[in-house]
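A quick write-up on the structure given underneath.
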Amino acid sequence: MIPPIPLPTDRPVRVRIAPSPTGDPHVGTAYVALFNKAFAASNGGRFVLRIEDTDQTRSTRASEEAIYKSLGWLGLTWHEGPDVGGDYGPYRQSERTEIYREHADKLLAAGRAYRCFATAEELAEMRKSAKSEGRSTSYDRRYRDLPSAEVERRLAAGEPHVIRFKAPLDGVTAFNDALRGEVSIDNSQMDDQVLMKSDGFPTYHLANVVDDHLMEITHVIRAEEWIPSTPKHVRLYEAFGWQPPVFIHLPLLRNADKSKISKRKNPVSLEFYEAVGILPEALVNFLGRMGWSMPDEREKFSYDDMVAEFSFQRMALGGPVFDLEKLDWLNGLYIRELGDDALVERLQSWLLSSGYLARVAPLLRERISRLEDFVPQASFILGRAEATPLELLIPKKKERVEAYRAMKIVVEAVDACRDWRNESIEALLRAQVEATEWKLRDLFMMVRVAVTGQKATPGLFGTMELLGKARCQARLRQALLTLRP
Ligand code: GLU
């Protein structure tokens, strides 16, 4: 039995989601947002959105905007965040660097952290020997006790360095997960984690702990995959002399084969679900059923129903399966419940708007001689895509494995793209001609067939723009699965 979640007596419940804006908006983010929001709502608390963009090379504003848009589409709105402000801002970590620096300095001054000057070569060498000795931690702490004169000398010489935490050398670190009870790790497993990187930006661990404290977060509700980080966080709270929040790790969403949900096996972008016409209230209901159930076990319930009954004591920790067929079934229930006018409205705000048709019609003009031809001709744009058969996907004179490899390169490039316009799609695909060393004609044909299911289509890039990234991505991934040798 899961015990009741402790609540603060002297201050309001505050929870947060802290997504990193590094890719497409993920279903996992919506899942964690839903449980945070429902918990806050059922306790009269506040729900905060913080953007963890400390990874300067991977974070983008476009991805951040996409998170706002998708969560907004689901109605999972927040009380405080970079876009709406609040009393605890800034809510974007890249705007808080000075705060992290001050906190790292405090730990340095207290002797709880140290400067480490290890070069890339030294680190590679340490990793190698850790591997050969079968150790799970690789940093050998060689700069931990450097005499201060030596530290000063290196600093004066401008040597690049990071700031590391002085992790305890023996004993165990334990914390209480409100759903799972005590979790502990042996400190021999704990590295002297980096707190500040040599570029002056904090790591996830430091920024996350400092922000959760300063933003007065009472409950950290996040995915199970963060459990291994939590002992490090607990030690950081202790070093700062702060009270840690209550930790609640939600079960990971799983693919049908029970592996951790991944784009290889399931569309994970929220944009995909919106693009194919899953209704937001159905997706919220579906996510609400991931590990959680209503007291009467009914499958169909609204967000408000969920809040009215919400309690983490109703959480089951076995990995919930993100089953697309089940989602379709549930979505069907919601569609059947819509009044006729409401259904038409949904269809129009999906792809049957005059705006969207105005973009599709010119593409298909050359291919229809009667207006009624429009409907079958448009089916690869408006309709659900069947998986393209293998024979159609592999270009003549190519082997399956070659096609698989080339498709993989294309899929990865498409995943990374956030500028989905005709010209940028063209540039992206042209770049893959070089990357795959394929003939342009072969590569473009394979992509065309994967995305549309047919060999003759209107212009490829325009078609892909119109289909939108999420649906192209899903179709390309489907083709990749088909091609897998
Ligand atoms: N930035 C982390 C993420 O991308 C946040 C994890 C947490 O909630 O602490 O999910």
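The values are calculated or read from the model by the stated rules, or taken from the named source; none is laboratory data. Everything quoted here is computed from the prediction, not taken from an experiment. Neighbour counts run over all protein chains shown; Cβ positions are idealised from the backbone, glycine included. In case anyone asks, the SASA skips ligands and DNA or RNA and just uses the protein heavy atoms, side chains included. Shrake-Rupley method; radii C 1.70, N 1.55, O 1.52, S 1.80 Å.
Hey, among the residues in the range 2-23 that are open to solvent by less than 20 Å² (accessible area, probe 1.4 Å) and among the basic types (Lys, Arg), which one's nearest to the ligand (Cβ to nearest atom)?
Per the criteria, the residue is Arg16.
A quick yes/no check of all residues on (1) under 28 Å from the mean Cα position of the chain (by Cα); (2) more than 30 Å from Ala431 (Cβ to Cβ); (3) open to solvent by 90 Å² or more (accessible area, probe 1.4 Å); (4) without any contact (Cβ under 8 Å) to a residue 12 or more places away in the chain:
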| residue | (1), (2), (3), (4) |
| --- | --- |
| Asp341 | no, yes, yes, yes |
| Ser354 | no, yes, yes, yes |
| Leu357 | no, yes, no, yes |
| Leu363 | no, no, no, no |
| Ala385 | yes, no, no, no |
| Val401 | no, no, no, no |
| Lys408 | yes, no, no, no |
| Ala413 | yes, no, no, no |
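Given the residues Glu437, Glu426, which is the only one that is open to solvent by 40 Å² or more (accessible area, probe 1.4 Å) and within 29 Å of Pro25 (Cα to Cα)?
Among Glu437, Glu426, only Glu426 is open to solvent by 40 Å² or more (accessible area, probe 1.4 Å) and within 29 Å of Pro25 (Cα to Cα).
Suppose the filter is at pLDDT 95 or above, over 19 Å from Lys232 (Cα atoms) and either part of a helix (DSSP H, G or I) or open to solvent by 20 Å² or more (accessible area, probe 1.4 Å) (or both); does Glu98 pass it?
Yes.
Is there any pair linking a residue in the range 223-249 that is more than 19 Å from Ile5 (Cβ to Cβ) to one that is open to solvent by 20 Å² or more (accessible area, probe 1.4 Å) and among the hydrophobic types (A, V, I, L, M, F, W, C), with Cβ under 6 Å and at least six apart or on different chains, and which?
Cβ pairs passing all conditions: Pro231/Ile185.
Give me the residue from the range 43-56 that is under 20 Å from Pro4 (Cα atoms) and either of a type in the set (Ser, Thr, Tyr) or part of a loop (DSSP other than H, G, I, E, B) (or both) and, out of that set, farthest from the ligand (Cβ to nearest atom).
So, considering only residues that are under 20 Å from Pro4 (Cα atoms) and either of a type in the set (Ser, Thr, Tyr) or part of a loop (DSSP other than H, G, I, E, B) (or both), the one farthest from the ligand (Cβ to nearest atom) is Gly44.
Would you be able to tell me the number of residues in the range 62-92 that are away from the ligand (no atom under 16 Å from the Cβ) and either of a type in the set (A, V, I, L, M) or crowded, with 22+ Cβ neighbours inside 10 Å (or both)?
Total meeting the criteria: 3.
Among (1) within 13 Å of the ligand (Cβ to nearest atom); (2) open to solvent by 10 Å² or more (accessible area, probe 1.4 Å); (3) in contact with a Gly (Cβ under 6 Å, 6 or more places away or on another chain), there is one condition Ser59 misses while meeting the rest; what is its number?
(3)
Among the residues of the range 24-38, which ones are in a helix (DSSP H, G or I) and either open to solvent by 10 Å² or more (accessible area, probe 1.4 Å) or within 30 Å of Ala416 (Cβ to Cβ) (or both)?
Across the range 24-38, the qualifying residues are Val27, Gly28, Thr29, Ala30, Tyr31, Val32, Ala33, Leu34, Phe35, Asn36, Lys37.
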